[in-house]
Amino acid sequence: MDSQALFARYQELQLYVGWCDQDVHRVQSARDFILPQLPALIDDFYGEIDRHPEARKVITGGDVQVQRLKGTLLAWLDELFLGRYDSQYVVRRWKVGWRHVEIGLSQVYTNVALSRLRDGLFESLHDRWRGDRDELSRTIRSLSKLLDLDLAIIEDAYQAEYLKRQQLSERLAAIGQMSGGVAHELRNPLNVVKTSVYFLLNAKNLTAEKTAEHLHRIQRQVDVADAVTTALSDFAKLPIPQFQPFLLELCLHQALEISNLPENIHVSINCPADLPALLGDQRQFTIVFSNLIRNARDAMPGGGSVSIQASRDGDLVEVAVTDTGEGIRDEDLNRILEPLYSTKARGIGLGLAITRAILDKHTARLDVRSQLGVGSTFTVRVAAALGEHST
């Protein structure tokens, strides 16, 4: 919390509600009328809390804590009427909202509690005012502005602190989820490597063919583990794309080379001869298309076909990757691009999230259509390199 930035924000809010020196003077002049009534208002405040279990449950220290809180509230109310609305005043208001998050008190109780205090303060002014009634009305409006400003700062603090804690909780949950996914993805290849190493160390009459078979087996599993760590690294820090014209067909063939497709999956690529070059980072688009191709592969465990169809749409190039796989359920379609969300039994759910992150950096789009039992189409829409950018 930056006290000066917070005070600047408070001053902006003062301007918003039209707070001025006359308001300060009116609130100060009401202090003598209000002070004698504050103990009764505070007793009413905590008496009402006692009748609401959800509000009462945060008071865990019994009567000792209640008495301490009453003293704090008395100081808070008294400070309202002193006229010193400086940065320290604002910081103390901010800490009220922060403290409510810390003790687990819902902000709605702050809102209704302040409403109750407001009514009590206004009623006290009406009962004890001895001056001009028009001036009383103006004083009440000034006090109402001040209470609204207090509530705005308290709510701002509450929301900021609540969001901060919620984000921390979500990050911890995400780390836990990712850790489980990574552990699962790495445990399988490591177990394979372990068994092959054991075999190579302990087998008798080991032939050259068997040695080569297990060494190749180890290499494949190392590649699998490397793919997992690469995916994590790509997601954690995608470099700023280097925009250059590049040929889509070449990029697609590079993506196919690193996708490790089995022999039972047939791939067809259709890139028209007059298709313009794409404008973007070719290395990153290789990641995009390899992710989409691998996603298609995983959707067809028994084999099938992948069709990659490119076409021009004005200043855009559309690339549709269609598989004949299992399809995606409607309830999963809106979530498959989320980090750590996966519909696969094995998978940490980063491939499509990385794809979307890259496309976002290129102001490109990814649309998904799918039908269970028929297959899915992932369509990338990216800017063409036209004019001086074309190749």
ask   = Hey, what angle do you get for helix 87-103 against the long axis of the chain, alpha-carbon based, 0 to 90 degrees rounded to 10?
value = 60 degrees
message = Around GLY131, under 13 Å between beta carbons, what's the net of Lys plus Arg minus Asp minus Glu among the other residues?
response = +1
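Which of LYS145, LYS194 has the fewest other C-beta atoms within 10 Å, and how do the rest follow up to the most?
Result, fewest neighbours first: LYS194, LYS145.
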request  = Please give the peptides 320-327, 62-69, 121-128, 256-263 ranked by average Cβ packing (other Cβ atoms within 10 Å per residue), highest first, as a rough proxy for protection.
outcome  = 320-327, 121-128, 256-263, 62-69
message = So if I average 1/r over every pair of distinct C-alpha atoms in the range 3-170 and take the inverse, what Kirkwood radius in Å does that give?
response = 16.9 Å
inquiry  = Over the chain, with a Gaussian network built from C-alpha contacts below 10 Å, which listed residue (GLN282, GLN167, GLN219) shows the highest mean-square fluctuation?
reply    = GLN219
message = Above 16 Å lies some portion of the pair distances; for the range 90-137, what is it as a whole percent of all C-alpha pairs?
response = 57 percent
ask   = Considering every pair of different Cα atoms, what Kirkwood radius, in Å, is found for the range 183-225?
value = 10.6 Å
task = Find the relative contact order for the chain and round it to a whole percent, using C-alpha pairs within less than 8 Å whose residues are 6+ positions apart.
result = 13 percent
ask   = From the Cα gyration tensor of the range 262-314, with a ≥ b ≥ c the square roots of its eigenvalues, which class applies: rounded if a/c is under 1.5, or else prolate if a/b is larger than b/c, or else oblate?
value = oblate
query = When the Cα atoms of the range 244-389 are enclosed in a convex hull and the volume is divided per residue, what value in Å³ results?
reply = 105 Å³
request  = Can you quote the Å³ per residue value for the convex hull of the Cα atoms in the chain, rounded to an integer?
outcome  = 248 Å³
request  = Would you kindly derive the ³J(HN,Hα) couplings of the range 211-222 from the backbone phi angles with the Karplus curve 6.51 cos²θ - 1.76 cosθ + 1.60 (θ = phi - 60°), listing them in order in whole Hz, with x for Gly and Pro?
outcome  = 4, 4, 4, 6, 5, 5, 4, 4, 4, 4, 6, 5
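None of the figures in this text is laboratory data; all of them are computed from the coordinates on show. Please read all numbers here as calculations on a predicted model, not as lab measurements. Cβ atoms come from the backbone with ideal geometry, glycine included; neighbour counts cover every protein chain shown.
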